[in-house]
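Everything below concerns the one structure shown next.
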């Protein structure tokens, strides 16, 4: 493969970004330390949470559970926080890695094209509602712009459409006090190279704060045909317009170009399929395989195997805009308006097999796909603190309106010819490996044009190809209103949390000519949440919580009738503790049960395949714990464990007790670091982690078999950081090794995990 190099545009963009940051830092003098302003709106705003009170890897406050800055011990639900310190030590390169060391989370799908379509299972249920700064946008910002990540377990009334397993809230970096600049470089295996800067500027007599972040990353990947090139620039600002009025904004953009062969990473034995194309599954034998008895054999292709031609080429541009006004209304009230807009445009060409023809040809489908998405979100929140007798209320009242439009088109050509894959397929079959190559409903798509060439261009596909079924414009509007009351009583020992939310969702799809596809989907729902925490001691609190959630379903393509919406209900009890054992131990333990009704799935039958046609009721129950332990003042340990039983409990055709996709029965993670504070190695930080998952972990299921199932895996990682002086400048050099023992396992149904990777890094701070 030709090594990917930064495009001229990307190289010039990165150079300009770094130059701008250096100039800003050089031209803006660092002001003398000022007396803290106790009325500072930026610091005291209840809609923000800062890292200032974190204790290493352990956070003390959260913004995600209640939409207001609240101590974790007072929130009646399990919340895991990935702090900035952990993100720096683990040197995460993407979003999935940032979640690896959290319990009860498993990646269920992965698209290298855009992280918007990545999905995770939380407590056994697929999560589709990743938030950025509390807003569901579908936008993933890169690690360089992330301040922390909060994972709220269980359904949450405040966010409307809520998956029952929980939600992921990515909190972006905000301006800090003082002028500073940080520059970083990293290089590693498989052509990995990255450069980034993080600058902070305070001006206007401390009334203006700016945070400027830029990053460029390139990699060739570990497969023969794999890699991407990306550039990101973001700026966040706080402007103090008046003593009690603050404007906030966040503007960022990114470009990504890449090649991926992700689709060709694992092998299937043929499943029950109409191999001879006679319209039925019977005892016919084709290539030694009987139609009715063929099944998945859990055989993987070699890790570096790729198809002979590029599977996917993609270009993507993303833009993110956030603007808000915050007003303090006296000592006991605050109001905030926030507007968020995201734009994503993607062009992609890909190639996938549809069948292996024993007569001597390899059929493949070539497609050119364009997709654009735009989302606007308006949010208005008001927080009021009221005392009524012995009770203290923190009352949050809010409303949100969002508009989302997605436009897409796919043009396809089916190739029919000798195919360059035939030799590879023959070799694998001679080794006893049987390959299922993306069998379709009837193995031949009606109306699809054939092309006697293995490599049609994107223009040929768009000009000569057949437009696919996903030529559409989808538009949705979501309106909601909510109220939440956090009530303190019994001298603040008992805290009640109640919430109520009404949401209405209207969605409609049309083709590119404006003709409506299906019917208008108009659904509404009222969900609630009731929870309580009680301080058993000053350091230990017990909690209980129940909540409901709602997600709309689409319509049956055959009958035209809408499916009932997904409804879920959760119950959870647990303990939270902090500063035990002389301040060395903190954490939480929780027990939960979640029931989800009217779940839409595909019927997974390759002959009668119908997407989103099977309705089931699912259940997840189990327990999990998160512990923070400091054996000494220099040694930190983070331990997570979850035990989950997630399965189908009611279904017309799916096997009862069929494990849910991505549910990991046992998951144990450990991360540790040690800081040397004396001697010649003073300042050295080193440590690492372990992930142990015990299956079976099902990633794709049918009524009669489990097609992709991982029995379990164990991985190790390590890191070291050492500060030094280089040319009279303060720098830190680092080494990170991910997947230390080079374990190979099925990460998700979209592909395998990454092999061992060694990364060297250098960071300069001023």
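Coordinate-derived values only; no laboratory data. Owing to the predicted nature of the structure, the values given are computational and were not obtained by experimental measurement. Cβ sites come from the backbone with ideal geometry, for glycine too, and all protein chains shown count toward neighbours.
Exposure proxy for 58, 724, 145, 690: other Cβ atoms within 10 Å of each Cβ, ordered fewest to most, give 724, 690, 58, 145. Residues 77, 348, arranged from fewest to most other Cβ atoms within 10 angstrom of their Cβ, appear as 348, 77.
Placing pseudo-labels 7 Å out from each Cα toward the beta carbon at residue 571 and residue 182 gives an inter-label distance of 4.5 nm.
In this label model, residue 190 and residue 520 are separated by 4.8 nm, measuring between points 7 Å along each Cα→Cβ vector. Estimated from the Cβ-Cβ distance and a Förster radius of 22 angstrom, the FRET efficiency linking residue 249 and residue 380 is about 0.80. At q = 0.12, 0.16, 0.18, 0.23 Å⁻¹, what log₁₀ I(q)/I(0) does segment 135-256 have when each alpha carbon counts as one equal point scatterer in the Debye sum? Per q value, in the given order, log10 I(q)/I(0) is -0.62, -0.94, -1.04, -1.22.
Rounded to the nearest 0.05, the FRET efficiency derived from the C-beta distance between residue 241 and residue 589 at R0 = 41 Å is 0.35. Ordered by the count of other Cβ atoms within 10 Å of each Cβ, fewest first, 208, 520, 131 give 520, 208, 131.
A Förster distance of 60 Å, applied to the separation of the beta-carbon atoms of residue 391 and residue 676, puts the FRET efficiency at 0.75. With a simple spin-label model that places each label point 7 Å from the Cα along the Cα-to-Cβ direction, the separation between residue 666 and residue 735 comes to 3.3 nm.
Compute the label zone of residue 726 within segment 153-190: residues whose backbone N is under 18 Å from the point 7 Å along Cα-to-Cβ. Residues passing the 18 Å test: 181-189. Of the peptides 725-731, 192-198, the order by per-residue mean of other Cβ atoms within 10 Å, starting with the highest, comes out as 192-198, 725-731.
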